[in-house]
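First up is the structure itself, then whatever we jot down about it.
The values are calculated or read from the model by the stated rules, or taken from the named source; none is laboratory data. These numbers were taken from a predicted model, which means no experiment stands behind them. We place every Cβ from the backbone using ideal geometry, glycine too, and count neighbours over all the protein chains shown.
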């Protein structure tokens, strides 16, 4: 059994609490929130868990193996650093930290202490994304060409981060899982319409090696909720529509065929279209967060990096920082360097 505490019982915390309580590999010992009323509300149906408004109570408990952090992003670094310094593994909500520098410090500290950092990139554990990964790895899509995602709704306007830092980490984590190619550059455009200089709509473009491109549209100001990804290949294409209850994944046997008249004179290209069957593979109903908690316990027990470990968090932070720099410089292309090996 992995003894776990949780800090933050607001929006996401109760979901983690429920899954920690139901996971056979974990025992929830502590729950913490600075708002005592919110803390008691989140824990009212659970007994035997110690409650506190002071995170130092968790940090000081030597019987605690790990801490899950579901607090506002500006608090992530301080809480995570204290937990790591006191020998506790951490599960941390997205985005990992407020900066790549902070994230690097946490990954370095975890290595020095021989502890695990896991980023709660929940969508990587959904059945639909795992099926997409299986399809990509099978090779049936052919050469991967592009990734196009839309994540929009009339959403909750955040006060501390913009729409890029709030919504883009979901699709960036999926990209990081599915695509092995190196990102070359990032460009982004975004605007604020709420008078607070916090972008509420943005478009990101990621250029990769090997002629692959990714485009992300994130928006808090849409009248409709859309959660959709299209991954295009030279042979087939796959669409994930998270709002479709019955057929979340569809694979399209569609594409183009390019014919050339003379290889030595490549002057004229003849384009024809290929259209075949569409099929929707079976997707199981396992809750993604249950798999997140299970993976967290397993990476601690087996002393191995999690699927979405600290370095995965760093790669996403790198894109977020580059996108933010691009937004502030009117969409300029910002080169991406390799995340330093720790």
Of everything in region 321-342, what is in contact with a helix residue (DSSP H, G or I) (Cβ under 6 Å, 6 or more places away or on another chain) and modelled with pLDDT of 95 or more? Give them in sequence order. 321, 323, 332, 334
Looking at region 194-213, can you tell me whether even one residue there is at pLDDT 95 or above, within 19 Å of residue 317 (Cα to Cα) and part of a helix (DSSP H, G or I)? no
Complete set of residues in region 143-161 that are touching a strand residue (DSSP E or B) at 6+ places or on another chain (Cβ under 7 Å) and either without any contact (Cβ under 8 Å) to a residue 40 or more places away in the chain or outside any strand (DSSP E or B) (or both): 143
Residues in region 51-68: is at least one in a helix (DSSP H, G or I), crowded, with 20+ Cβ neighbours inside 10 Å and out of contact with any strand residue (DSSP E or B) (no Cβ under 9 Å at 6 or more places or on another chain)? no
Out of all the residues in region 178-196, is one or more in contact (Cβ under 8 Å) with a residue 24 or more places away in the chain, crowded, with 18+ Cβ neighbours inside 10 Å and within 30 Å of residue 66 (Cα to Cα)? yes
Are any residues in region 84-102 in contact with a strand residue (DSSP E or B) (Cβ under 9 Å, 6 or more places away or on another chain) and more than 22 Å from residue 315 (Cβ to Cβ), and if so, which ones? 88
Considering only region 119-142, I want to know if a residue exists there that is assigned to a strand (DSSP E or B), in contact with a helix residue (DSSP H, G or I) (Cβ under 7 Å, 6 or more places away or on another chain) and within 30 Å of residue 233 (Cβ to Cβ). yes
Of the conditions (1) surrounded by 16 or more Cβ atoms within 10 Å (Cβ to Cβ); (2) in contact (Cβ under 8 Å) with a residue 24 or more places away in the chain, residue 75 fails just one. Which one is it? (2)
